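Report on one structure; see the data block that follows.
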């Protein structure tokens, strides 16, 4: 009996993680990492992600991360071998004593590191998506590696040629590509932002931050967060669902300043509390707006992508896709 | 038999069903409630159950089988103790986690204590010793290659005085310095009051220092000090200790955040300087022994320090003691004097040495 017309409703996310809970995981992993001289890192990473996912609730159910330490370890080894090989090549070039060979080796080293990034983004997107679920439904990234590569190379070159100005358009193109090729069961995504709008946000933000001696930076960050989040749209059975990220500049101020104070006055020991505070800020302020029906999502076909190398590669540079 | 209320998903769609769970040793039985869209009762064999393996209060989740996974969420904290009753289900929970989460802040304190204790042991004891052993045991060929590499890198910046270098080389040849490698000596035209040694047998003396010396035994003391650095592989020891300690600290604290890293890096610098002072003292002693072995007047070492003292007087503050790479000059004079006192003094005038020294100072 669908007599009542579907009205726009909002659905909130909540982050239920606690600093004291995460601190146990954080320090346990730190200890194991030290004892194993860093080899425990893959398992630590998986436990961290599992905790953050499981602490995230939407409409009464939690998210789940299905990745395993073994998968991440295999990726970690691949990335490690790659780096060692590149370093050895660089060292070989540098010790030759020949200026040209050294220059070529250097160019090859940095060139390879940059040229691998698009592959890593592709791999990371596929791995993370296939390992993430909610109500038993998995995400799936089905972008094409070649297309993404082309997009990145062109974007990168144009960014250099325009002294960085094109980076706004490049970032938006990248977001558009990734969201367009992302599915959650039969729910699809899109990013409706525009490169020019992002450019204006950066331009205005940097200019005003400068003349207000930094005070405007909190509004700048707020605009940037809202641009990145609120431009994402979901489609369930062709019905549009919007994302809302309702924050004030004061919220950003509180997050940033208290986090900084926590870190400085505890010499970093408050890191786990800072991590949960930060995630809480993003997740608790996030909502979906529209006729979302959590019972009517169909599982998509399997993408059992178990190669975590791309994800590990991005970790090396502290880049996180999500 | 205890029953738990769970939410069940079949992995094909996002439809949910309220259900009850009973845990048996070999399997779990999930019974749907009346309104469920799924069949009445499902059996999960323990071997195919996967736990989310992460502790969050009021939520446990498990998945089952191959993709698309069946999945349940349970809010009852008593489910874990129930699973713990069955040894067959060991993989579904972690005793360590249950223990740690039971004591919260106490566990955090315990973990921090273990981290600090273990890291301190590694950093202050294990790593420096292993690094030094390593430096001690590296094949001399590699040490020489390393030294040559370093020297070739800095060589373009040094204004080497070929003529004086040759005489300095001859001066060194008059002494038995017991060097592990053939020594290569260089005089560099620069006003600095300094000299340094590089692994594998290279010694550089700045003309600024050379011109201040008035006696052959001062120069012999200087070479003795630098050769001791080389013989004891001080550069290599310093580099391997410094690097391994630094890498260890980055692994431990790099993950936390920037502020901690800066703090730790500075502490590391202090420690490094303290080690460097130890090495200098060792080289002073080694140099003194070489003077005795060559029957050169050990007072040359004191006389050398006096030259350094005059030149550095203005910048030698007591407060710099802990951040300097070298011991304070007065301390060096004191400990050297004490050592000289302890030993019988049997030096003889070395005429040839004096002649070469005079020649060196003429140029």
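If a residue counts only when it is in contact (Cβ under 8 Å) with a residue 12 or more places away in the chain and within 13 Å of chain A (Cβ to nearest Cβ), which strands (runs of 3 or more DSSP E) contained entirely in the stretch B:1-46 have at least 3 such residues?
B:3-9
Taking the stretch A:237-269 as the region of interest, how many residues are modelled with pLDDT of 90 or more, within 14 Å of chain B (Cβ to nearest Cβ) and in contact with a helix residue (DSSP H, G or I) (Cβ under 6 Å, 6 or more places away or on another chain)?
Here the count works out to 2.
Can you tell me which residue is farthest from the other protein chains (Cβ to nearest Cβ) among those in the stretch B:71-100 that are assigned to a helix (DSSP H, G or I) and touching a helix residue (DSSP H, G or I) at 6+ places or on another chain (Cβ under 6 Å)?
The residue in question is B:88.
Please go through the stretch B:101-135 and pick out each residue that is surrounded by 12 or more Cβ atoms within 10 Å (Cβ to Cβ), part of a helix (DSSP H, G or I) and within 8 Å of another protein chain (Cβ to nearest Cβ).
B:101, B:107, B:108, B:111, B:112, B:114, B:115, B:118, B:119, B:122
Criterion first (within 13 Å of chain A (Cβ to nearest Cβ), out of contact with any helix residue (DSSP H, G or I) (no Cβ under 7 Å at 6 or more places or on another chain), under 30 Å from residue B:48 (Cβ atoms) and without any contact (Cβ under 8 Å) to a residue 60 or more places away in the chain) does residue B:148 satisfy it?
no
Test residue B:249 against the stated conditions and say whether it is surrounded by 23 or more Cβ atoms within 10 Å (Cβ to Cβ) and either touching a residue at least 40 places away in the same chain (Cβ under 8 Å) or not assigned by TED's automatic domain parsing to the domain that holds residue B:289 (or both).
No; evaluated as a whole, the condition is false for this residue.
Name the residue, out of A:55, A:44, that is crowded, with 20+ Cβ neighbours inside 10 Å, facing another protein chain (nearest Cβ under 8 Å), within 22 Å of the chain's Cα centre (by Cα) and at pLDDT 90 or above.
A:55
Within the stretch A:100-114, does at least one residue satisfy the condition of being within 11 Å of chain B (Cβ to nearest Cβ) and either under 23 Å from the mean Cα position of the chain (by Cα) or under 23 Å from residue A:135 (Cβ atoms) (or both)?
No, there is no match, as no residue in the stretch A:100-114 is within 11 Å of chain B (Cβ to nearest Cβ) and either under 23 Å from the mean Cα position of the chain (by Cα) or under 23 Å from residue A:135 (Cβ atoms) (or both).
Quick check on residue A:204: is it assigned to a helix (DSSP H, G or I) and under 30 Å from residue A:127 (Cα atoms)?
Taking the combined requirement at face value, the residue does not satisfy it.
Can you name the number of the only condition in (1) assigned to a helix (DSSP H, G or I); (2) farther than 20 Å from residue B:335 by Cα; (3) more than 14 Å from every other protein chain (Cβ to nearest Cβ) that residue B:274 fails?
All conditions are met except number (2).
Okay, residues lined up against (1) at pLDDT 90 or above; (2) surrounded by 14 or more Cβ atoms within 10 Å (Cβ to Cβ); (3) over 16 Å from residue A:312 (Cβ atoms):
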| residue | (1), (2), (3) |
| --- | --- |
| A:85 | yes, no, no |
| A:91 | no, no, yes |
| A:94 | no, yes, yes |
| A:103 | no, no, yes |
| A:113 | no, yes, no |
| A:120 | yes, yes, no |
| A:123 | yes, yes, no |
| A:126 | yes, yes, no |
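Tell me the residue from B:236, B:219, B:213, B:209 that is surrounded by fewer than 22 Cβ atoms within 10 Å (Cβ to Cβ) and either at pLDDT below 90 or over 25 Å from the mean Cα position of the chain (by Cα) (or both), please.
The unique qualifying residue is B:213.
The values are calculated or read from the model by the stated rules, or taken from the named source; none is laboratory data. From a predicted model like this one, the values you see are computed outputs, not experimental measurements. With ideal geometry, Cβ positions are generated from the backbone for all residues, glycine too; neighbour counts draw on all protein chains shown.
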